[in-house]
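In what follows, a structure is listed as structure tokens, so that the remarks can point back to it.
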Amino acid sequence: MTDIRITGRMVNFSRLTFSNNDLDQIRQQLKALTEKQNYSGTLIIIDSTVKQELIELIQLLIEFGLQPMAVVDGLLGEDARAIQFPVLPKDQPVQRISASSQTNTSDTEASTPVADEPAAVSQSPIIPSPQASPATVYHDEILRTGQSLVEDHGNIVLTASMNNGSELIAAGNIFIYGTGRGRIIAGASGDANARIFCQSLEAQLISIAGTFCVYDDIPEHYLQKSVQIYLNNNQELEFELLSI
């Protein structure tokens, strides 16, 4: 058995982007920022649109209780490599795509038949207005690496598979009639009742209403199986096999 094992872990980083290299001004802004909220121990990725005195900037961040972990490659990349400080590649562009089709059942009122008015009534009957239902978007093509399909107000139905490096983000439920890889995020607006249904689960990340897990944390007996995922009463992700 090997003594080294690579596993994944979801760690929260914050990116600080600098457009100014005046350390005195940066100090003042950091002081104002950290006085409003306690950021002590926050892991920081440094990005900058201007050249910086990198060592001094790192020391300044540490002075305010922040933990610089790396810089984004670019103007600071060469200086970081010179001091053997970690360098992260620039963000890969994400292509936000449109769904193949969309329905919105909030138009029910236009299609609901209304009974003929009686010949003589003392008071007009009160007919309740139909409640608007969330939109549902449908996508019939493979979601490719670097593509993102987002539905801000309703559900997503994907009738194909996802590649690693792609993502689905829905305010409501997500239905995948194929292999779910990449990032699958339901209840993105905070809906704890949202669910994820997937014909074959191989996701890099699963999230419902902010509760998430990565691939290595998914119980092995649910991988490559048909599952539904939801939050239980303790707001933990619950995996359940589907008999389909």
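The values are calculated or read from the model by the stated rules, or taken from the named source; none is laboratory data. This is a predicted model, so every value here is computed, not measured. As a convention, Cβ positions derive from the backbone with ideal geometry for all residues, glycine included, and neighbour counts pool all protein chains shown. Just so you know, the surface numbers come from the protein's heavy atoms only, side chains and all, with ligands and any DNA or RNA stripped out. Shrake-Rupley method; radii C 1.70, N 1.55, O 1.52, S 1.80 Å.
Tabulated data for the structure shown
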item: Filter result for the condition that a residue is touching a His at 6+ places or on another chain (Cβ under 8 Å) and at pLDDT below 95, over 119, 171; result: 171
item: Residue within the stretch 47-63 that is open to solvent by 80 Å² or more (accessible area, probe 1.4 Å) and among the hydrophobic types (A, V, I, L, M, F, W, C) present; result: yes
item: Check on residue 72, in contact with a strand residue (DSSP E or B) (Cβ under 7 Å, 6 or more places away or on another chain), open to solvent by 80 Å² or more (accessible area, probe 1.4 Å), at negative phi and modelled with pLDDT under 95; result: no
item: Condition met for residue 82 (small (Gly, Ala, Ser) and at pLDDT 85 or above); result: yes
item: Subset of the stretch 187-203 (residues that are assigned to a loop (DSSP other than H, G, I, E, B) and at pLDDT 90 or above); result: 187, 191, 192, 193, 194, 195, 202, 203
item: First in the stretch 176-195 and at positive phi, second anywhere and aliphatic (A, V, I, L, M) and open to solvent by 20 Å² or more (accessible area, probe 1.4 Å), Cβ under 6 Å, 6 or more apart; result: 187/209; 190/209
item: Residue list for the stretch 122-145, restricted to those being open to solvent by less than 20 Å² (accessible area, probe 1.4 Å) and at pLDDT 90 or above; result: 137, 139, 143
item: Cβ pairs under 6 Å, 6+ apart, first in the stretch 135-153 and under 15 Å from residue 181 (Cα atoms), second β-branched (Val, Ile, Thr) and not in a loop (DSSP other than H, G, I, E, B); result: 147/97; 149/97
item: In the stretch 166-208, the residues that are among the hydrophobic types (A, V, I, L, M, F, W, C), open to solvent by 20 Å² or more (accessible area, probe 1.4 Å) and either touching a Cys at 6+ places or on another chain (Cβ under 6 Å) or over 23 Å from residue 220 (Cβ atoms) (or both); result: 169, 175, 188, 192
item: Those residues of the stretch 154-167 which are modelled with pLDDT of 95 or more, touching a Ser or Thr at 6+ places or on another chain (Cβ under 9 Å) and not in a loop (DSSP other than H, G, I, E, B), in sequence order; result: 155, 156, 157, 162
